[in-house]
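Visitor: Let me begin by handing over the structure; questions about it come next.
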Amino acid sequence: MSDPISYSFATPCLGLPLLFSGQSQKEVTVNEALSKIDMLLAGAVNGTLASPPASPVIGESWIVGSGPTGAFAGRTDQIAGWSDGGWRFIPPSTGLRIYDREAAAIRVFSGGWSEIVAPASPAGGAIIDVEARSCLTALLGALIDTGIISAA
């Protein structure tokens, strides 16, 4: 006898809700999934907060920081987005990249959020190559300007 077919309630990577045949009020599930997809496709968060802002604006999102309180309690490292239906939370999966507007850098999730910090500009050494240092400084500036690495 074959095993019965079993279905998951959510997608494996981002936990987006799935529909079932015969499900009533499918629009609730679809709208929930679309709200979360919209948060991720925006590709950016406003910054990191441990507690919800007093007056959130629809469409804004944040990374939940350590020691969260209020509606963020128990949601450390998740992406929190404010929608017309209230807070939506997305637990990040390893490799998720998102732009942090406050830090002006891309954050990457791997067991916790991190940003790639720029190495120090070239200095010192026995032989100084002005052209090479100028090129490296320009390259570091371009990486910072595009948000690939953080200036801090």
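Visitor: Pairs needed: first member in the range 16-37, in contact (Cβ under 8 Å) with a residue 24 or more places away in the chain; second member anywhere, assigned to a loop (DSSP other than H, G, I, E, B) and of a type in the set (A, V, I, L, M); C-beta distance under 6 Å; at least 6 residues apart or different chains.
Guide: Cβ pairs passing all conditions: Lys36/Leu16.
Visitor: Moving to a separate point now. Collect the residues in the range 38-78 that are touching a Ser or Thr at 6+ places or on another chain (Cβ under 7 Å), in contact (Cβ under 8 Å) with a residue 24 or more places away in the chain and among the hydrophobic types (A, V, I, L, M, F, W, C), keeping them in residue-number order.
Guide: Passing the criteria: Met39, Val45, Ile58, Ile63, Val64.
Visitor: Report every pair of residues separated by at least 6 positions or lying on different chains whose Cβ atoms are under 8 Å apart, first residue within the range 112-129 and of a type in the set (Val, Ile, Thr), second assigned to a loop (DSSP other than H, G, I, E, B) and surrounded by 11 or more Cβ atoms within 10 Å (Cβ to Cβ).
Guide: Ile116/Ile148; Ile116/Ile149; Val117/Ile149
Visitor: Let me ask something else about it. Any residue at all in the range 108-131 that is touching a strand residue (DSSP E or B) at 6+ places or on another chain (Cβ under 7 Å) and of a type in the set (Asp, Glu)?
Guide: So far as the range 108-131 goes, yes, one or more of its residues are touching a strand residue (DSSP E or B) at 6+ places or on another chain (Cβ under 7 Å) and of a type in the set (Asp, Glu).
Visitor: Looking at the range 33-89, which of its residues are under 15 Å from the mean Cα position of the chain (by Cα) and among the charged types (D, E, K, R)?
Guide: Hits for the range 33-89 are Lys36, Asp38, Glu60, Arg75, Asp77, Arg88.
Visitor: Consider Thr94 against the criteria (1) among the hydroxyl-bearing types (Ser, Thr, Tyr); (2) surrounded by 13 or more Cβ atoms within 10 Å (Cβ to Cβ); (3) touching a strand residue (DSSP E or B) at 6+ places or on another chain (Cβ under 7 Å): it satisfies all of them except one. Which criterion is unmet?
Guide: (2)
Visitor: Give the residues of the range 44-70 that are within 18 Å of Phe109 (Cα to Cα) and among the hydrophobic types (A, V, I, L, M, F, W, C), sorted by residue number.
Guide: Ala44, Val45, Leu49, Ala50, Trp62, Ile63, Val64
Visitor: Could I ask something else about it? List the number of the failed condition for Ser35; all other conditions in (1) under 27 Å from Leu143 (Cα atoms); (2) not in a loop (DSSP other than H, G, I, E, B) hold.
Guide: Failing condition for Ser35: (1).
Visitor: Does Thr48 qualify as being more than 25 Å from Ile148 (Cβ to Cβ) and either of a type in the set (Phe, Trp, Tyr) or surrounded by 12 or more Cβ atoms within 10 Å (Cβ to Cβ) (or both)?
Guide: Against the criterion (more than 25 Å from Ile148 (Cβ to Cβ) and either of a type in the set (Phe, Trp, Tyr) or surrounded by 12 or more Cβ atoms within 10 Å (Cβ to Cβ) (or both)), Thr48 does not qualify.
Visitor: Still on this structure: Got at least one residue in the range 13-28 being more than 11 Å from the chain's Cα centre (by Cα) and part of a strand (DSSP E or B)?
Guide: The answer is yes, given that some residue of the range 13-28 is more than 11 Å from the chain's Cα centre (by Cα) and part of a strand (DSSP E or B).
Visitor: Here's something else I'd like to know. Going by the structure shown, is Ser61 crowded, with 17+ Cβ neighbours inside 10 Å and out of contact with any Asp or Glu (no Cβ under 7 Å at 6 or more places or on another chain)?
Guide: Answer is yes for this residue.
Visitor: If Ser114 satisfies all but one of (1) buried (at least 16 other Cβ atoms within 10 Å of the Cβ); (2) under 13 Å from the mean Cα position of the chain (by Cα); (3) not hydrophobic (A, V, I, L, M, F, W, C), what's the number of the condition it fails?
Guide: Result: Ser114 passes all but (1).
Visitor: Scan (1) under 21 Å from Thr146 (Cα atoms); (2) surrounded by 12 or more Cβ atoms within 10 Å (Cβ to Cβ) for the single condition Leu41 breaks and write down its number.
Guide: It is condition (2) that Leu41 fails.
Throughout, read-outs are computed from the coordinates displayed, never taken from laboratory work. Please read all numbers here as calculations on a predicted model, not as lab measurements. In this analysis, Cβ positions are derived from the backbone assuming ideal geometry, glycine residues included, and neighbour counts consider all displayed protein chains.
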